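Chemist: My structure is below; once you've seen it, I'll send some questions.
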Amino acid sequence: MKDFKGIYAALLTPFNEDGTINFDSLKLLVERNIEVGLTGMYVCGSTGESVMMSEEERISILKFVSEVNAGRTILIAHVGTISTDSAVRMAKKAEEFGYDAVSAVVPFYFSFSSEAIKGYYKDILNATELPMIIYNFPGANGFGGMLELVEEMIDNPKLVGVKHTSANLFDLERFKNLSKPLVVYNGFDEMLIGGLSMGADGGIGSTYNFMGSLILDIYNAFNRGDIKSAQEYQTKANRIIDRMIPYGVFAMEKAILTLQGIPMGNCRKPFLPLSEAGWEEAKRIVEELK
Ligand code: MN9
């Protein structure tokens, strides 16, 4: 199995003005992430706005990204959705397209029981030979039972990791120290060194799409034990993230990339287009990043 440690962009999805997927820009973004030196990409996750896309659209992105990537970086396909059947179909496609792993958030909307959620994960795990990275994002779906669930499924050799998108770093450390070693990713970019300090093997993040080299600076400084520099880089990244949050992180990332030459369009409705004030802030950030 591959070494899944490292730094992965949670890949954004560029849209055209009519709302369709902008594959030209998607190619540019994938190429840029590879060039920056990221370990890989997490495709069709929250950042990719997958929950606002049809299954066909998600499959078309999975296919396209794998073709552009052509084996150069590690690709993780997020196939989570509310329907097990749909998740299973997308997982099979990801395997066919040569993905290195699948990942899935819990089925959302209904408060499904832990047993039902376990059944969902087992069905996805059984659908392919691919390793699985569980996506834990309790803030978005309200499911707080993931530690117990992962421990119950831990004997499945295909279960290899967890993407932990939560400020609870005690839980991150608990995932890291279950009865089998798992690859654990930090999910909030603004806490990357926090997650790494508690044992994370890397991170998956949306801001990595436009400030990948600064994020790699954090990761590399941490790994060589230079905590002071890692903190300085983290602070630098966080003063940018701080200014994005009030306007919507994904919309701001799209604006920054657009200003840097990759037209990203708006986020899908019901997200609103970026405000004028947001565009002004994005311009200032782009100037500072130069
Ligand atoms: O995938 C992203 N998670 C979500 C990672 O957006 C839910 C993060 O990169 C955040 O966008 C980022 C800003 O809060 O940390």
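Chemist: From I245, I218, I227, grab the single residue that is of a type outside the set (S, T, Y), at pLDDT 95 or above and in contact with a Phe, Trp or Tyr (Cβ under 6 Å, 6 or more places away or on another chain).
Modeler: After applying the criteria, what remains is I218.
Chemist: How many residues does region 201-215 contain that are within 11 Å of the ligand (Cβ to nearest atom) and either modelled with pLDDT under 95 or within 15 Å of G6 (Cβ to Cβ) (or both)?
Modeler: The number of residues fulfilling the criteria is 5.
Chemist: For region 132-155, what are the residues that are touching a residue at least 40 places away in the same chain (Cβ under 8 Å) and open to solvent by 20 Å² or more (accessible area, probe 1.4 Å)?
Modeler: Result: F137, A140.
Chemist: Looking at L178, L169, L196 in this structure, which one is within 16 Å of the ligand (Cβ to nearest atom), free of Cβ contacts under 8 Å to residues at least 40 places away in the same chain and either out of contact with any strand residue (DSSP E or B) (no Cβ under 7 Å at 6 or more places or on another chain) or charged (D, E, K, R) (or both)?
Modeler: L169
Chemist: Please go through region 83-134 and give me each residue that is touching a Leu at 6+ places or on another chain (Cβ under 8 Å), β-branched (V, I, T) and more than 22 Å from M41 (Cα to Cα), ordered by number.
Modeler: Listed by number, the list holds a single entry, I117.
The values are calculated or read from the model by the stated rules, or taken from the named source; none is laboratory data. The structure presented is a predicted model; accordingly, all values stated were derived computationally and were not measured. Cβ sites come from the backbone with ideal geometry, for glycine too, and all protein chains shown count toward neighbours. Surface accessibility is based on the protein's heavy atoms, side chains included, excluding ligands, DNA and RNA. Shrake-Rupley method; radii C 1.70, N 1.55, O 1.52, S 1.80 Å.
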